[in-house]
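Enquirer: Below you will find the structure I want to go over with you.
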Protein chains: 2
Amino acid sequence: MSSDTVLVIGGGPAGLEAARAVAGLGHEAILVERRQRLGGTPDSAGYSAFALDPRPAQEVLEVARQAVLTQPLVQLHLETEVKSFAGEPGDFKVTLERADGSTADVSCGAAIIATGFDHFDPGRETQAYGYYEYEDVITLVDAERMLAAKHFVRPSTGKPPEQVCFIQCVGSRDRRIGNEYCSKVCCGVASKEASEIRELVPDCRVFIFYIDMRMYGFWEDRIYWKAQEQHHVNFVRGIVTEVISKGDRLLVKGEDTTMNRPMEVAMDMVILSVGMVPSAGTQAIGKLLGVAQDKHGFISPTANALDTVSTSVPGVYVAGAAAGPKDLDDSVSMAGSAAVKAVSFLRQGSMAAAAR
Amino acid sequence: MSSDTVLVIGGGPAGLEAARAVAGLGHEAILVERRQRLGGTPDSAGYSAFALDPRPAQEVLEVARQAVLTQPLVQLHLETEVKSFAGEPGDFKVTLERADGSTADVSCGAAIIATGFDHFDPGRETQAYGYYEYEDVITLVDAERMLAAKHFVRPSTGKPPEQVCFIQCVGSRDRRIGNEYCSKVCCGVASKEASEIRELVPDCRVFIFYIDMRMYGFWEDRIYWKAQEQHHVNFVRGIVTEVISKGDRLLVKGEDTTMNRPMEVAMDMVILSVGMVPSAGTQAIGKLLGVAQDKHGFISPTANALDTVSTSVPGVYVAGAAAGPKDLDDSVSMAGSAAVKAVSFLRQGSMAAAAR
């Protein structure tokens with residue numbers, strides 16, 4: 001019965017876990033992913049490793065992919081987008097459109113939005129960090145890809161850097177660009193990457209310029225302390241106002257707010273810790289499904305301290321960074337929670353129908 | 001069939017949501033709570049409000065309680081503890097013991113540990129904050145109870161305070177006491193309480209002394225900015241080393257690390273932002289069920305970036321602060337995820353049995 005089916009939109013960590021969970025509960029999941037391959041942003045952006053899991057990111061993602069690919073109850077549509085969404089809760093009518101333009105009509109009783117985030121475009125920053133100007137200014141994401149390849153070098157020279165810094169909160173906690181929120185994971189990701197750089201290039205000095213180090217829970221001792229004590233990463237509370245070129249290096253200018261004095265430090269590479277913004281898919285799907293979104297385009301869960309996944313439309317749930325800045329734990333836990341709510345919603349409908 | 005049943009241990013937010021979720025999926029849940037009433041620590045400690053939900057905490061908890069109390073598939077055991085746990089995954093044999101000493105034997109196919117946390121005892125602090133010495137030194141929890149009663153006064157005088165401060169990281173990020181982790185929620189809770197104090201006692205000046213303000217995600221603008229801009233709470237990056245009595249007030253001594261100078265400030269009340277430690281129940285249940293625990297006694301999920309709830313024992317899952325410092329979102333999302341894993345585990349067992 002089509003109304004026993006749950007549509008899962010997005011094949012990243014949250015969508016994979018949601019589809020796996022729905023199928024594990026004995027219901028059919030239709031998993032729609034616009035890319036050619038499952039794995040979401042961690043896959044397409046080429047992440048090196050997840051914060052607290054020592055394995056390569058691809059190894060972790062492959063486990064999640066296989067769980068879905070070997071599950072007969074998951075009907076997979078790659079290179080496919082949701083073109084229209086109509087009907088009513090318990091009996092939604094959905095048109096899927098493939099990359100080749102062909103369409104397919106499917107029905108589902110409930111839907112889970114897991115369309116994720118994009119990395120903030122540092123061209124939108126209000127400071128002058130020069131991402132599009134200087135080759136050796138890169139982002140957390142660029143660094144992640146280099147670390148996954150175990151080849152961390154200055155883009156301008158192809159040689160290992162001697163001094164590198166991270167600049168935190170690029171695109172986050174910033175009223176001027178309209179992103180007031182904190183992106184939650186960048187402190188942890190930067191600390192993890194800093195440790196990886198120190199392992200790959202032991203002679204390289206690594207600095208992290210931050211406002212607050214948001215290393216919550218076990219990230220504190222398992223990532224932050226480890227970065228300081230085992231990997232000798234230098235954490236400097238400071239605000240960087242400008243990055244300029246000087247000779248063949250970069251000059252980072254700002255204020256060291258602990259020492260209360262201006263600073264100017266020469267770096268071989270500058271890594272911008274870019275935050276999260278809703279993906280284009282999240283913004284579009286939110287509109288298409290008619291669910292409440294915040295001013296940024298993130299899907300707004302209904303204001304309820306004990307429900308992280310219900311949206312303003314009955315039968316439609318959200319999981320992962322489509323709902324705002326989330327870490328991987330948030331995303332997979334929410335995916336399970338969304339699967340429970342979706343399947344419970346279908347069961348209520350079936351019971352009501354049986355009682356009629 | 002008993003093996004279709006899930007045992008949920010603990011009736012706080014995570015346990016309530018786990019039981020509700022299991023029942024919503026059509027399986028029986030046996031919910032065991034040692035207290036006389038459902039609601040967990042937020043209930044017994046008398047919380048005023050949850051971080052991002054404007055309603056009184058009791059109103060929120062009552063919704064969760066009713067969802068369980070009106071659900072015929074939840075078998076509730078109040079004032080009951082798990083006395084023994086044997087058998088094997090898919091067919092656990094459990095003895096429950098009531099407060100009156102009577103016992104009951106039940107069977108379950110899977111179990112969810114949701115036994116939560118305790119607040120750190122400030123008597124264990126290594127600094128000299130004088131919680132057991134001075135009446136006007138209280139904890140976040142004491143403050144929560146006063147705020148719930150809408151009656152915020154100095155314990156020593158019964159009169160509204162004129163100047164109050166919070167000291168962050170009491171029992172967290174502290175190697176000397178062995179709690180290296182960050183307790184995750186205290187920055188948000190202190191900021192929320194500070195705003196509530198300013199609303200109740202508009203003439204009272206409120207300070208928060210902190211190391212890093214860990215206001216991740218939407219806590220940044222919805223709690224932290226609001227506390228600063230709407231409620232004029234003063235956030236001071238500083239380390240408090242000592243609280244002493246001076247006349248009828250308290251003298252807070254330490255270092256303002258932004259201004260780089262020693263500070264001494266007179267306060268009417270000092271609120272210690274105590275962190276999370278595993279509850280006695282979490283420590284004991286972990287041992288009884290034989291699941292891996294960390295050195296603190298928190299239940300350790302299996303090291304897997306895409307699974308937040310599986311423990312070292314198949315068929316046994318964990319949700320909420322029993323697994324470490326968690327916020328309410330973490331707890332309820334994990335509860336859903338644990339319910340999915342538990343019910344999927346039961347279904348696998350049934351399918352394997354049917355195939356034999």
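Enquirer: On average, how much accessible surface per residue is there in chain A, in Å², for a 1.4 Å probe, leaving out ligands, DNA and RNA?
Expert: That works out to 38 Å² per residue.
Enquirer: Is there a quick way to get the dipole size of chain A? I mean about its Cα centre, with the Cβ of Lys and Arg at +1 and of Asp and Glu at -1; what is the value in debye to the nearest 20?
Expert: The calculated dipole for chain A is roughly 400 debye.
Enquirer: Quick one: length gained pulling A:Glu135 to A:Thr302 fully straight, 0.36 nm per residue minus the C-alpha distance?
Expert: Taking 0.36 nm per residue and subtracting the Cα distance, the gain is 55.8 nm.
Enquirer: Then there is this: Rounded to whole Hz and in sequence order, give me ³J(HN,Hα) for segment B:182-192 from the Karplus expression 6.51 cos²θ - 1.76 cosθ + 1.60, θ = phi - 60°, writing x for Gly and Pro.
Expert: Values per residue, Gly and Pro as x: 8, 8, 6, 9, 5, 4, x, 5, 4, 5, 5 Hz.
Enquirer: Report the local net charge at B:Gln58: Lys and Arg +1, Asp and Glu -1, summed over other residues whose C-beta lies under 14 Å from its C-beta.
Expert: My count for the surroundings of B:Gln58 gives 0.
Enquirer: Here's another thing I want to ask about it. How large is ³J(HN,Hα), in whole Hz, for each residue of segment B:307-323 in order, when computed from phi with the Karplus curve 6.51 cos²θ - 1.76 cosθ + 1.60 and θ = phi - 60°, using x for Gly and Pro?
Expert: Couplings: 8, 9, 10, 6, 9, 6, 9, x, x, 10, 10, 10, 9, x, 6, 5, 9 Hz.
Enquirer: To the nearest 500 deg cm²/dmol, what mean residue ellipticity at 222 nm is calculated for the protein assembly as shown from DSSP H runs of n ≥ 4 alone, each contributing -39,500 (n - 2.57), summed and divided by the residues?
Expert: Value at 222 nm, helices only, nearest 500: -8500 deg cm²/dmol.
Enquirer: Still on this structure, please answer the following. As an exercise, use a Förster radius of 51 Å and the Cβ-Cβ distance of A:Asn260 and A:Ser44 to find the FRET efficiency, rounded to the nearest 0.05.
Expert: Once rounded, the FRET efficiency stands at 0.75.
Enquirer: From the square roots a ≥ b ≥ c of the eigenvalues of the alpha-carbon gyration tensor of segment A:152-242, which class results: rounded (a/c under 1.5), prolate (a/b over b/c), or oblate?
Expert: oblate
Enquirer: Take peptide A:337-348, look around each residue's Cβ out to 10 angstrom, count Cβ atoms belonging to other protein chains, and average those counts.
Expert: Average neighbour count from other chains, rounded to a whole number: 5.
Enquirer: Can you tell me how segment A:121-274 classifies by the Cα gyration tensor, rounded, prolate or oblate, using a/c under 1.5 as the rounded cut?
Expert: Because its axes are fairly even, with a/c under 1.5, segment A:121-274 counts as rounded.
Enquirer: Could you check what % of the DSSP bridge pairs in the protein assembly as shown are antiparallel, to the nearest 5?
Expert: Beta bridges within the protein assembly as shown, antiparallel portion: roughly 50 percent.
Enquirer: Residues of segment B:221-262 with accessible area at least 40 Å² lower in the all-protein-chain context than alone (1.4 Å probe)?
Expert: B:Trp225, B:Arg237, B:Thr258, B:Asn260
Enquirer: On a 1.4 Å probe surface of the protein chains, which of B:His151, A:His231 comes out largest in accessible area, and what is the full order?
Expert: Ranked list, largest accessible area first: B:His151, A:His231.
Enquirer: If you average over every viewing direction, what projected area does the convex hull of the Cα atoms of chain A give, in nm²?
Expert: 18.9 nm²
Enquirer: Assuming 0.36 nm per residue, please report the length gained on full extension of the stretch B:Ser312 to B:Ile239 beyond their Cα-Cα distance.
Expert: Fully extending the segment from B:Ser312 to B:Ile239 adds 22.4 nm.
Enquirer: So how tilted is helix A:13-24 from the main axis of chain A? Cα-based, degrees 0 to 90, rounded to 10.
Expert: Helix A:13-24 and the main axis of chain A meet at about 30 degrees.
Enquirer: One decimal, nm, shortest first: give the distances between the label point of A:Met259 and those of the same position in the other copies, each label point 7 Å from Cα along Cα→Cβ.
Expert: 2.2
Enquirer: List the lysines whose Cα sits under 23 Å from the Cα of A:Lys287, skipping any in the same chain fewer than 8 residues away.
Expert: Hits, sequence-local ones excluded: A:Lys83, A:Lys93, A:Lys295, A:Lys326, A:Lys341.
Enquirer: Measure off 7 Å from each Cα along the Cα-to-Cβ vector at B:Ala128 and B:Arg176, then give the distance between these two points in nanometres to one decimal.
Expert: Label at B:Ala128, label at B:Arg176, 1.1 nm between them.
Enquirer: Search the structure for amide H atoms under 5 Å from the amide H of A:Arg154, placed 1.01 Å from N in the peptide plane, and list their residues when 5 or more places away or on another chain.
Expert: A:Lys159
Enquirer: Enumerate the amide H contacts of A:Ile30 below 5 Å, restricted to partners 5 or more residues apart or on another chain; note that Pro and chain-start residues carry no placed amide H.
Expert: The answer is A:Val6, A:Leu7, A:Val8, A:Gln75.
Enquirer: Please list B:8-17, A:115-124 highest first by mean number of surrounding beta-carbon atoms within 10 Å per residue.
Expert: Final packing ranking: B:8-17, A:115-124.
Enquirer: May I ask for the distance between the Cα centers of segment A:1-50 and segment A:280-346, given as a whole number of Å?
Expert: 14 Å
Enquirer: Got a sec? Charge dipole of the protein assembly as shown, +1 on Cβ for Lys and Arg, -1 for Asp and Glu; which of B:Ala227, A:Pro155, B:Leu73 is way out at the positive end?
Expert: Checking the options against the dipole of the protein assembly as shown, the answer is B:Leu73.
Enquirer: Whenever you get a sec, compute what percent of the accessible area on segment B:1-77 sits on carbon and sulfur atoms (1.4 Å probe).
Expert: The C+S portion of the solvent-accessible surface of segment B:1-77 is 53 percent.
Enquirer: Another one. How many Cβ atoms of partner chains, on average, are near each residue of A:306-317 if near means within 10 Å of its Cβ?
Expert: Mean number of neighbouring Cβ atoms from other chains: 3.
Enquirer: Also, quick follow-up: Could you run the numbers on buried accessible area between A and B, total for both chains, 1.4 angstrom probe, in Å² to the nearest 100?
Expert: 4900 Å²
Enquirer: Run the dipole for the protein assembly as shown about the Cα centre, Lys and Arg Cβ at +1, Asp and Glu Cβ at -1, nothing else charged, and hand back the magnitude in debye, nearest 20.
Expert: Roughly 360 debye, rounded to the nearest 20.
Enquirer: Quick one: which of A:317-324, A:130-137 comes out on top by average Cβ neighbours within 10 Å, and what's the full order, highest first?
Expert: Result, highest mean Cβ count within 10 Å first: A:317-324, A:130-137.
Enquirer: Can you tell me how the protein assembly as shown classifies by the Cα gyration tensor, rounded, prolate or oblate, using a/c under 1.5 as the rounded cut?
Expert: Oblate shape, in that a/c is at least 1.5 and b/c is the bigger or equal ratio.
Enquirer: Something else now. Of the peptides B:253-260, A:99-106, how do they stack up when ordered by the mean number of other Cβ atoms within 10 Å, highest first?
Expert: The most tightly packed comes first, giving B:253-260, A:99-106.
Enquirer: Say a label goes 7 Å from Cα toward Cβ at A:Pro202 in every copy; what distances in nm does this one have to the rest, shortest first?
Expert: 6.4
Enquirer: What is the sum of charges, Lys and Arg at +1 and Asp and Glu at -1, for the other residues whose Cβ falls under 11 Å from the Cβ of B:Ile177?
Expert: Result for the neighbourhood of B:Ile177: 0.
Enquirer: Assign unit charges at the C-beta atoms only (+1 for Lys and Arg, -1 for Asp and Glu), then state the dipole size of segment B:97-168 relative to its Cα centre in Debye, rounded to the nearest 20.
Expert: The dipole magnitude comes to about 300 debye.
Enquirer: Between copies, how close do the B:Ala149 label points come, placed 7 Å along Cα→Cβ, listed in nm from shortest?
Expert: Label point to label point, same position, other copies: 6.5 nm.
Enquirer: Moving on. Less than 10 Å Cβ to Cβ from A:Ala14, Lys/Arg counted +1 and Asp/Glu -1: what total charge do the surrounding residues give?
Expert: Summing Lys and Arg as +1 and Asp and Glu as -1 gives -1.
Enquirer: Could I ask something else about it? Within segment A:121-274, how many Lys pairs sit with Cα atoms under 29 Å apart, leaving out pairs fewer than 8 places apart on the same chain?
Expert: Step by step, the pairs that qualify in segment A:121-274 add up to 16.
Enquirer: For the pair B:Glu199 and A:Glu59, what calculated FRET efficiency results from E = 1/(1 + (r/R0)^6), where r is the Cβ-Cβ distance and R0 = 41 Å, to the nearest 0.05?
Expert: The formula returns an efficiency of 0.20 here.
The values are calculated or read from the model by the stated rules, or taken from the named source; none is laboratory data. Treat the numbers as computed from the prediction; the structure is a model and nothing was measured. For neighbour counting, all protein chains shown are included, and Cβ atoms are generated from backbone atoms with ideal geometry for every residue, glycine included. What goes into the accessible areas is simple: the full protein's heavy atoms, side chains included, and nothing from ligands, DNA or RNA. Shrake-Rupley method; radii C 1.70, N 1.55, O 1.52, S 1.80 Å.
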